[in-house]
Amino acid sequence: MSNSDLLPYCFFLILTAVIVLSLATLYLNLHFRKRSLFDKVVAVFLVFLVFHSLYVCVVRYAFSEVPFADIAAPFSLFYGPFFYASLLALKKSGNWNVSIVLVHLIPAVIFGLVYIVFLTDLEYFSSYISTYLLILYLGAGIQFIIYALYGFIKFNNSFDTKELKLVTNYAVKIMVIVALIFLSLVFENERTRGDKSYIDGLVIYFLMFLIAAVVFRYHVLTIFKSNDLNDLQTPAKIKKIEIIESGSVVKKKYEKSSISDQEAMVYLARLNKLMESDKLYLDSELTIDSLARKLKITKHHLTQVLTGVLDSNFNKYINNYRVLHASELLRETDGKVSIGDVGTESGFNSRTSFYRVFKAYHGVSPVDFKKSKNDTAAE
């Protein structure tokens with residue numbers, strides 16, 4: 001069997017891997033991730049990725065006699081707008097709305113309509129296919145470059161977590177590679193384009209697999225890397241940081257730090273006031289870096305306040321607020337709000353971490369906690 005005979009099997013294996021990995025990521029997205037705007041955009045993108053892969057498989061192996069049916073499909077024009085929508089969702093931009101995203105999808109829709117027209121009468125439109133492909137490849141290449149540059153310049157250094165930076169950097173690199181492939185196809189001789197485009201297609205589908213792998217890795221990292229359980233202030237340790245029902249933190253005697261006692265107390269007062277007034281703990285993307293910027297102090301000084309004054313750390317401090325907030329919601333809700341939504345509204349980034357942290361704090365699961373409160377109220 002020659003190498004050319006193996007290529008169709010490579011297509012099938014890669015696209016099958018894309019479908020399986022995308023479905024696995026979609027499962028994590030729907031069952032273990034909070035339902036933020038970014039999660040919803042990613043979920044739609046994963047469905048699109050599965051559809052793209054299935055379409056290529058069906059067309060290549062069930063309708064192989066139809067020329068250009070796979071390579072002429074304008075799926076490539078959808079990836080840039082998805083990347084743009086994801087970036088806006090991550091930054092929670094106030095300008096984000098459906099109409100803006102739909103505007104970015106206009107080129108893809110136009111080419112999609114032209115593609116459908118071509119399929120209705122391939123014999124009549126066969127003379128226009130080469131021109132169509134030339135414009136499609138050129139447009140896709142330019143689009144990928146523009147979106148990649150936009151993401152790198154405007155958003156690359158603005159994310160607080162390394163997971164988000166990882167996803168953005170990989171996406172930008174993949175988009176640049178795909179752009180170069182499409183632009184190379186534009187300048188190829190039409191007689192030699194056939195064989196090389198087959199290899200280029202294989203590379204592009206492999207890059208689709210890499211996209212699915214990066215998104216999957218991001219979900220796994222954000223779900224399972226959490227040290228919430230280990231960092232939680234359990235009732236046995238709560239005497240270190242006394243928390244009252246209002247959510248305020250009682251100051252502990254200052255011990256060791258390179259900053260003065262007076263400075264530490266000022267920082268702590270600002271920290272408590274900011275947490276109680278702005279409820280920053282409700283932001284699941286909150287990090288010690290972003291919190292330090294809010295306080296207009298260095299990360300080092302914030303760490304000293306948390307460890308030296310409160311004998312705590314960032315995760316313990318934030319999770320105490322989150323658990324108290326969730327406890328209040330469970331007491332007040334009438335059953336119409338799900339337990340998972342309570343966790344999300346309290347700032348936890350996944351249902352799993354919420355259950356584990358809450359149980360470690362109260363000794364019972366959120367479900368049992370709510371049930372016990374309802375039973376007490378009924379009595």
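The values are calculated or read from the model by the stated rules, or taken from the named source; none is laboratory data. As the structure is a computational prediction, the values presented were derived from the model and not from experiment. Don't worry about glycine lacking a Cβ; one is built from the backbone with ideal geometry, like all the others, and counts go over all protein chains shown. When the accessible area is computed, the model is the full protein with side chains, heavy atoms only, and any ligands, DNA or RNA have been set aside. Shrake-Rupley method; radii C 1.70, N 1.55, O 1.52, S 1.80 Å.
Say we look at segment 293-306 and pick out the residues that are assigned to a helix (DSSP H, G or I) and either touching a Ser or Thr at 6+ places or on another chain (Cβ under 8 Å) or free of Cβ contacts under 8 Å to residues at least 24 places away in the same chain (or both); which of these is farthest from LYS273 (Cα to Cα)?
The extreme case among them is HIS300.
Of the residues LYS239, LYS253, LYS273, only one is at pLDDT below 50 and assigned to a helix (DSSP H, G or I); which?
Answer to the check: LYS239.
Assess whether PHE354 counts as being in a helix (DSSP H, G or I), among the hydrophobic types (A, V, I, L, M, F, W, C) and out of contact with any Cys (no Cβ under 7 Å at 6 or more places or on another chain). Reasoning before the result, please.
Working: in a helix (DSSP H, G or I): yes; among the hydrophobic types (A, V, I, L, M, F, W, C): yes; out of contact with any Cys (no Cβ under 7 Å at 6 or more places or on another chain): yes.
When the stated conditions are applied, PHE354 passes them.
Restricting attention to segment 17-37, does a residue exist that is charged (D, E, K, R) and assigned to a helix (DSSP H, G or I)?
Step one: filter segment 17-37 for residues charged (D, E, K, R), giving 33-35.
With assigned to a helix (DSSP H, G or I) added as a condition, the list becomes none.
Scanning segment 17-37 turns up no residue that is charged (D, E, K, R) and assigned to a helix (DSSP H, G or I).
Can you give me the number of residues within segment 102-147 that are of a type in the set (A, V, I, L, M) and in contact (Cβ under 8 Å) with a residue 60 or more places away in the chain?
Residues meeting the conditions: 5.
When you check LEU87 against the structure, is it assigned to a helix (DSSP H, G or I), under 29 Å from LEU37 (Cα atoms) and not polar (S, T, N, Q), yes or no? Walk me through how you get there before you give the answer.
Details: assigned to a helix (DSSP H, G or I): yes; under 29 Å from LEU37 (Cα atoms): yes; not polar (S, T, N, Q): yes.
Criteria met by LEU87.
Any idea which of SER258, SER246, SER184 is at pLDDT below 55 and either in a helix (DSSP H, G or I) or open to solvent by 20 Å² or more (accessible area, probe 1.4 Å) (or both)?
After ruling out the rest, the residue left standing is SER246.
Starting from residues that are farther than 30 Å from ASP283 by Cβ and charged (D, E, K, R), keep the ones in segment 63-92 and report whichever is surrounded by the most Cβ atoms within 10 Å (Cβ to Cβ).
Residue satisfying both the conditions and the ranking: ASP70.
Being modelled with pLDDT under 80 and either surrounded by fewer than 17 Cβ atoms within 10 Å (Cβ to Cβ) or closer than 25 Å to LEU21 by Cα (or both): is that true of ASP195 here? Spell out how you get there, then give the answer.
Working: modelled with pLDDT under 80: yes; either surrounded by fewer than 17 Cβ atoms within 10 Å (Cβ to Cβ) or closer than 25 Å to LEU21 by Cα (or both): yes.
So ASP195 fits the description; yes.
Would you point out the residue of segment 17-44, among those that are free of Cβ contacts under 8 Å to residues at least 60 places away in the same chain and closer than 30 Å to PHE118 by Cα, that is surrounded by the most Cβ atoms within 10 Å (Cβ to Cβ)?
Checked segment 17-44; the qualifying residue surrounded by the most Cβ atoms within 10 Å (Cβ to Cβ) is ILE19.
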